[in-house]
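Single-structure report; data block below.
The values are calculated or read from the model by the stated rules, or taken from the named source; none is laboratory data. The structure displayed is predicted, hence computed values, not measured ones. As a convention, Cβ positions derive from the backbone with ideal geometry for all residues, glycine included, and neighbour counts pool all protein chains shown. SASA here: full protein model, heavy atoms, side chains in, ligands and nucleic acids out. Shrake-Rupley method; radii C 1.70, N 1.55, O 1.52, S 1.80 Å.
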Amino acid sequence: MLEVRKLSADHGQLRAVHELSLVLEPGQVHAVIGANGAGKSTLLRAIAGLHPPSSGSVLLDGEDITREPPEQRVTRGLCLVPEGRRLFSSLSVEENLLVGRHRAATGPWNLGKVYELFPWMRERRRQPATQLSGGEQQAVAIGRALVANPRMLLLDELSLGLSPKIVQQMYALMPRLLETGMAILLVEQDVSQAIRVASRLQCLLEGRTTLDGRPRDFTPAQIEAAYFGLR
Ligand code: ATP
């Protein structure tokens, strides 16, 4: 279980995340929604150890990992799929996937399992990653995270820049990941997608939580108000 307690994170003078708390349980999708600049990416980067928080803590299975380096968090099963995919352009598809493989990680995922999930990837494994479409690159970024055998997958803007069809495919994957007991922390601007898969919805506005609970407990008008800061 991942727990974030009253986490704050700054960019210089700007407080991007204000005392944010959340709990992520195995087999669950927790969606964090919010407009551009709401603080979603900063939150995920702080959880992954890529942005030092100013205060608050991150706990994994009850253990405080707030000061732990990112590599160690990966070993513990906490993996980030960053916004913009960040594949290595000089590497092939397969080489990009292997970047995610982690010595210490054990679990069901390996290269063969990723190819079972995305059969086209095996056929194109020797191609440079740059020859793939945006959706295909997103799939490779997810595959790269999976070979690290995450228990907690942090997905930043899964649907950004993808066609609706590819977005559907990406979301269709999630139940298969959850079945294995994985937990997913999903950051999205696309609220309708997030609501469909999430068991918990948290909305951020200028770094503060404006709504938090089960998606079915909110009306679309309430979600819209929380998202845009309407009264
Ligand atoms: P987006 O969807 O546009 O990525 P976001 O919700 O992920 O938005 P963040 O990227 O976390 O939001 O940004 C939160 C705030 O921090 C914004 O006001 C943004 O301008 C600021 N910010 C983000 N990164 C930096 C940076 N490297 N330097 C300075 N300010 C930053």
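The table for this structure:
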quantity	calculated
Accessible area in square angstrom per residue, region 2-228, 1.4 angstrom probe	47 Å²
Hz values of 3J(HN,Hα) by residue in region 134-148 - Karplus curve (6.51, -1.76, 1.60), Gly and Pro given as x	x, x, 5, 5, 4, 5, 5, 4, 5, x, 4, 5, 5, 5, 7
Computed helical MRE - 222 nm, the chain, DSSP H runs ≥ 4 contributing -39500 (n - 2.57), nearest 500	-9500 deg cm²/dmol
Choice from GLY77, GLY161, GLY34 with maximal GNM fluctuation in the chain (Cα, 10 Å cutoff)	GLY161
Residue (of VAL167, VAL93, VAL140) at the positive-pole extreme of region 2-228, dipole from beta-carbon charges	VAL93
Protein accessible area in region 2-228, 1.4 Å probe - carbon and sulfur %	49 percent
Over the chain, relative contact order from alpha-carbon pairs under 8 Å, at least 6 apart, %	28 percent
Given charges at Cβ of Lys, Arg, Asp, Glu: the chain dipole, positive-most of LEU158, ILE195, HIS18	LEU158
Antiparallel %, DSSP beta bridges [both residues in the chain], to 5	55 percent
Normalised contact order of region 163-228, rounded percent, pairs of Cα under 8 Å and 6 or more residues apart	21 percent
